[in-house]
1. With the structure loaded, tell me whether Lys340 is open to solvent by 60 Å² or more (accessible area, probe 1.4 Å), outside any strand (DSSP E or B) and in contact with a strand residue (DSSP E or B) (Cβ under 9 Å, 6 or more places away or on another chain) or whether it fails that test.
2. Taking into account only those residues within the range 79-107 that are open to solvent by 30 Å² or more (accessible area, probe 1.4 Å) and touching a Lys or Arg at 6+ places or on another chain (Cβ under 9 Å), which is farthest from Phe31 (Cα to Cα)?
3. Considering only residues of the range 1-20 that are without any contact (Cβ under 8 Å) to a residue 60 or more places away in the chain and under 15 Å from the mean Cα position of the chain (by Cα), which is surrounded by the most Cβ atoms within 10 Å (Cβ to Cβ)?
4. Scan the range 100-123 and report the pairs whose first residue is farther than 15 Å from Phe44 by Cα and part of a strand (DSSP E or B) and whose second residue is more than 10 Å from the ligand (Cβ to nearest atom) and open to solvent by less than 20 Å² (accessible area, probe 1.4 Å), with Cβ atoms within less than 6 Å and a gap of 6+ or a chain change.
5. Test Ser62 against the criterion of being open to solvent by 20 Å² or more (accessible area, probe 1.4 Å), farther than 30 Å from Arg232 by Cα and either basic (Lys, Arg) or more than 23 Å from the chain's Cα centre (by Cα) (or both), and give yes or no.
6. Output the number of the condition that Gly155 fails; it satisfies all remaining conditions of (1) surrounded by fewer than 22 Cβ atoms within 10 Å (Cβ to Cβ); (2) out of contact with any Asp or Glu (no Cβ under 9 Å at 6 or more places or on another chain).
7. Would the range 85-98 turn up any residue that is basic (Lys, Arg), within 17 Å of Glu297 (Cα to Cα) and assigned to a helix (DSSP H, G or I)?
Amino acid sequence: MLTNKPRGTNDFLPGEVEKWQYLEGLIRELFANYHYKEIRTPIFEHTELFLRSVGETSDIVSKEMYSFEDKGMRHVTLRPEGTAGVVRAFVENKLFAQSLPQKLYYIGPMFRYDQPQAGRYRQFHQLGCEVLGSADPTVDAEVITFAVDLFSKLGLQSLSVLINTVGCDNCRPRYQEALKAYFSQYKSELCPTCLERLEKNPLRLLDCKEEACKRIASHAPTTLEYACDDCRAHFDKVCSYLESVGVDYQVDTSLVRGLDYYTQTAFEVVMNKVGSQQNAICGGGRYNKLVSQVGGEDIPGMGFAAGMERVLLTIEEEGIQLPIPEGIDVYVAPLGDAAKKVCFELTHTLRQKGYTCETDYLSKSIKAQMKTADKNHARYSIIIGDDELAQNVAVVRNMAESSQETVPMDQVLDYIK
Ligand code: HAM
């Protein structure tokens with residue numbers, strides 16, 4: 001038990017962490033390119049925030065939250081997603097009083113009590129963004145384009161963008177009624193959860209993973225058929241802006257997303273792998289009522305989040321090699337006790353000059369040290385033993401060429417340069 005991590009969590013060890021660092025670097029660079037600013041919010045929030053925003057009938061809130069009472073008897077929850085916290089911070093810190101829209105991004109861990117499997121974890125990581133303060137369809141198109149841009153910069157190929165509109169307060173009630181009427185005909189075939197959804201939130205019926213329910217849902221009325229003129233016009237503009245920058249997309253009228261706060265645009269980017277269960281690599285949409293739902297003014301929002309584990313998994317599945325620099329500049333090899341101090345000093349000097357440098361800490365033989373230098377992909381090794389000390393020289397070995405030269409100590413730095 002003591003040496004087992006909690007189910008659904010991961011250790012990212014050296015060798016793999018470099019991929020995370022590369023991904024994070026690229027994400028930050030691209031967000032800067034689109035002029036988004038980073039925001040960091042707490043890992044836990046008041047439970048009430050998620051009930052109000054993500055919605056009580058969503059799977060996340062009804063089944064998957066890590067909620068507990070703290071020592072002060074407050075109900076808190078490890079954040080299952082990032083949008084609610086960002087919106088709360090936007091309201092609490094009065095960011096709405098600054099220039100709008102606010103374009104914010106985040107990278108960090110999220111927690112859901114999910115059934116762990118490949119690409120599905122209980123602690124996972126999202127990169128995401130939220131744009132607050134504009135209802136303009138260019139924002140929707142920009143957010144979707146950002147996601148596509150990121151994935152294409154990573155070299156991902158087999159992805160599709162699915163897009164839909166889930167309507168607004170104006171047209172959704174009529175759509176919910178239509179769904180209720182439609183699904184009511186199949187009450188005897190629906191799963192128990194869907195029977196509950198039928199009463200509480202019929203839109204959720206379109207999101208069921210049970211085969212029988214999926215089959216019935218595939219012939220259900222679509223949001224687009226019920227969209228009001230505003231929602232329809234908004235949707236058409238988002239589509240035309242995407243086309244203008246060459247983003248391929250498919251309209252998927254069954255896409256409703258698993259969180260309750262969406263209005264109008266909903267989208268996902270999915271992997272085209274046959275038989276894959278966890279195929280959504282990212283998802284997002286517009287939420288024009290969320291800011292007011294958590295106590296702010298009537299301010300619209302739009303955003304998305306991508307699962308970083310899923311991004312890295314897809315990179316692996318597609319056989320993409322990330323350009324991660326390997327190896328060190330110099331390995332300093334002391335031979336014998338007397339050389340240790342000189343080598344310690346030389347290693348320090350090299351590091352001060354900006355070289356990535358490694359040395360020996362275990363008094364290994366020269367053969368073992370050269371093996372270590374090789375394993376670390378060192379460009380050069382500098383070998384100093386008693387003879388070199390006596391002559392005030394060092395042996396500098398070019399590891400790739402397997403050639404070496406004896407260099408006066410005061411010229412070693414110039415030689416390496
Ligand atoms: P979501 O669809 O719940 O949306 O999650 C976004 C992405 O997080 C998913 O597409 C998936 O890649 C990843 N993800 C979700 N659950 C897990 C898990 N258990 N293990 C690994 N990866 C997972 C949201 O979270 C919204 N906040 C997105 C958003 C932002 N909408 C508007 N703004």
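1. Judged against the criteria, Lys340 is a match.
2. Per the stated criteria, the residue is Ile107.
3. Within the range 1-20, the subset without any contact (Cβ under 8 Å) to a residue 60 or more places away in the chain is 1-5, 11-17.
Of the ones still in play, those that are also under 15 Å from the mean Cα position of the chain (by Cα) are 12, 17.
Details: Phe12: 13, Val17: 11.
Out of the qualifying residues, it is Phe12.
4. Gln102/Leu132; Lys103/Tyr36; Tyr105/Phe31; Tyr105/Tyr36
5. Values: open to solvent by 20 Å² or more (accessible area, probe 1.4 Å): yes; farther than 30 Å from Arg232 by Cα: yes; either basic (Lys, Arg) or more than 23 Å from the chain's Cα centre (by Cα) (or both): yes.
So Ser62 fits the description; yes.
6. So the condition that Gly155 fails would be (2).
7. Just the residues of the range 85-98 that are basic (Lys, Arg), to begin with: 88, 94.
Still in the running and within 17 Å of Glu297 (Cα to Cα): 88, 94.
Next, only the ones that are assigned to a helix (DSSP H, G or I) stay: 88.
The answer is yes; a qualifying residue exists.
Each row is one residue, and each column tells you yes or no for (1) without any contact (Cβ under 8 Å) to a residue 12 or more places away in the chain; (2) of a type outside the set (S, T, N, Q); (3) over 29 Å from Pro14 (Cβ atoms).
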position: Thr349; (1), (2), (3): no, no, no
position: Lys367; (1), (2), (3): yes, yes, no
position: Leu389; (1), (2), (3): no, yes, yes
position: Ala394; (1), (2), (3): no, yes, yes
position: Thr406; (1), (2), (3): no, no, yes
position: Gln411; (1), (2), (3): yes, no, yes
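The values are calculated or read from the model by the stated rules, or taken from the named source; none is laboratory data. From a predicted model like this one, the values you see are computed outputs, not experimental measurements. Every residue, glycine among them, receives a Cβ derived from its backbone with ideal geometry; neighbour counts consider all protein chains shown. Quick note on the areas: whole protein, heavy atoms, side chains included, nothing else; ligands and nucleic acids left out. Shrake-Rupley method; radii C 1.70, N 1.55, O 1.52, S 1.80 Å.
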